[in-house]
1. Expressed as a whole percent, how much of the Cα-Cα distance distribution for the chain exceeds 30 Å?
2. Residue-wise, which Karplus ³J(HN,Hα) couplings in Hz belong to the stretch 181-193, taking 6.51 cos²θ - 1.76 cosθ + 1.60, θ = phi - 60°, and x for glycine or proline?
3. Pull up all non-local amide H partners of residue 83: gap of 5 or more, or a different chain, and H-to-H distance under 5 Å with H placed in the peptide plane.
4. Once fully extended, how much extra length lies between residue 99 and residue 132, figured as 0.36 nm per residue of separation less the alpha-carbon to alpha-carbon distance?
5. Would you work out the charge dipole size for the stretch 5-232 about its Cα centre, treating the Cβ of every Lys and Arg as +1 and the Cβ of every Asp and Glu as -1, and quote it to the nearest 20 debye?
6. Most fluctuating residue of 70, 57, 164 in a GNM of the chain with Cα springs under 10 Å: which is it?
7. Taking other Cβ within 10 Å of each residue's Cβ, how do 232, 212, 65, 188 sort, fewest first?
8. Can you tell me what share of the DSSP beta bridges in the chain is antiparallel? A percent to the nearest 5 is fine.
Amino acid sequence: MSLDPAQVSRELANSLRPAAAPIAIRFLADAPEGVPVFAEDDGGGPPVAAGCVFWMHAGQRTFATKPADHANCSVGSYTHGLVSLGEAAGQGDVAALVDAGWVAESDLAQVPAMAEKPGAIVYGPLAESPDVPDVVFLRLNAKGAMVLKDAWPQARTEGKPQCHIIPIAARHGEVAMSLGCMVSRVRTGMGNDEMTAAIPGHRLVEVVDALTRARAADEAVAAYAAQDMTATGTAPGNA
């Protein structure tokens, strides 16, 4: 299949049943003309608690963000290439995470990050993307993650911080899933049953094709399992 963002979005939704519409993330030198910048609060400061909160808005509309819009979370600012490792490590929010024992300061150097600082990061529904995005981001449940892993066995499964799957996909070209992190879950309000995935834009067609094949196989084995239970008179485990 060719890369039609609207069609790809439908295929991802049909295969993975995400909790929200697939979103496109683009790292750009400047905000594109005609794309609104995410509204600032009345005080002129960052409009959200962390950059990951933009994921929750991007399923409904397309918008651009400036580097300062991500400033409330130093870890996310680092993974997105907006500040250096040294700048992030010196901030109070990172010190609080280290003091709590949530992460060791030495761990930060191992966290993937974008190589170049973008002038703008644009978020929005994949179906509305004007071109191939750097990353497609998905909120999945366990079954959706299972299907994606079956289709793409080399997908990485990561933990905290949740946002580092973005540079894994955008910079390193790998499909990655995250079990999430407590900081992001609190700030985004993401459901307890959700995890996330990031797909490099240039691999979208390959991943969707693989998902189509995996879905056919899953449907075949699901039909077999159902028939087998009927034939043997057994009940599901949660009956």
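No lab work stands behind these numbers, since they all come straight from the coordinates. Quick caveat: nothing in here was measured; it's all calculated off a predicted structure. Counting neighbours? That spans all protein chains shown, and the Cβs are built from the backbone with ideal geometry, glycine included.
1. Numbers: 7993 of 28441 pairs.
In whole percent, the share of Cα-Cα pairs in the chain beyond 30 Å is 28.
2. 9, 5, 4, 5, 4, 5, 6, 8, x, 4, x, 4, 8
3. So residue 83 has HN proximity to 78.
4. 7.8 nm
5. Roughly 420 debye, rounded to the nearest 20.
6. 57
7. Details: 232 8, 212 14, 65 24, 188 21.
Fewest to most other Cβ atoms nearby, the residues stand as 232, 212, 188, 65.
8. Numbers: 21 of 25 bridges.
Just about 85 percent of them are antiparallel.
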